[in-house]
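These notes concern the structure reproduced below.
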Amino acid sequence: MRVSAADLDAWIDGQRIRPRRRSWGPTVAGPDEQLVTFREAAKSLGVSPATVWRWLAAVGQPFVEVRRARDGRLVRYVRRTDVDRLAHERGAGRAERH
């Protein structure tokens, strides 16, 4: 079977793995929004910070990045309202399962 160069190129392009684009990421917070760190959010929800990160990524909820003036490090925060919503949703899910 003979394959043309154009068909071969099309097949190769189809086999390439395209990078997934993040559908969520940092956003800006309003002046009156209360922010908590991922660690504080995790403590209030009774889970690890990685779990909070996964839950927010699953629903596409953005986080807030703030560069600290002291050392220039980026610190990620979650809106308190988002943490409360997660607590409500996850609490309702637990109640339904039990």
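The values are calculated or read from the model by the stated rules, or taken from the named source; none is laboratory data. In this text the structure is predicted, and so the values were computed from the model without any measurement. With ideal geometry, Cβ positions are generated from the backbone for all residues, glycine too; neighbour counts draw on all protein chains shown.
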- Message: The conditions are (1) surrounded by 16 or more Cβ atoms within 10 Å (Cβ to Cβ); (2) touching a helix residue (DSSP H, G or I) at 6+ places or on another chain (Cβ under 8 Å), and residue 79 fails exactly one of them. Which is it?
- Response: (2)
- Matching residues in the stretch 72-98 - criterion: being modelled with pLDDT under 55 and either among the charged types (D, E, K, R) or part of a helix (DSSP H, G or I) (or both): 93, 94, 95, 96, 97
- Task: Six or more apart or on different chains, Cβ under 6 Å: which pairs go from a residue in the stretch 40-51 that's more than 15 Å from residue 76 (Cα to Cα) to one that's surrounded by fewer than 17 Cβ atoms within 10 Å (Cβ to Cβ)? Could you list them?
- Result: 45/87
- Does the stretch 1-48 hold any residues that are modelled with pLDDT of 80 or more and loosely packed, with under 10 Cβ neighbours inside 10 Å, and which are they? 32, 46
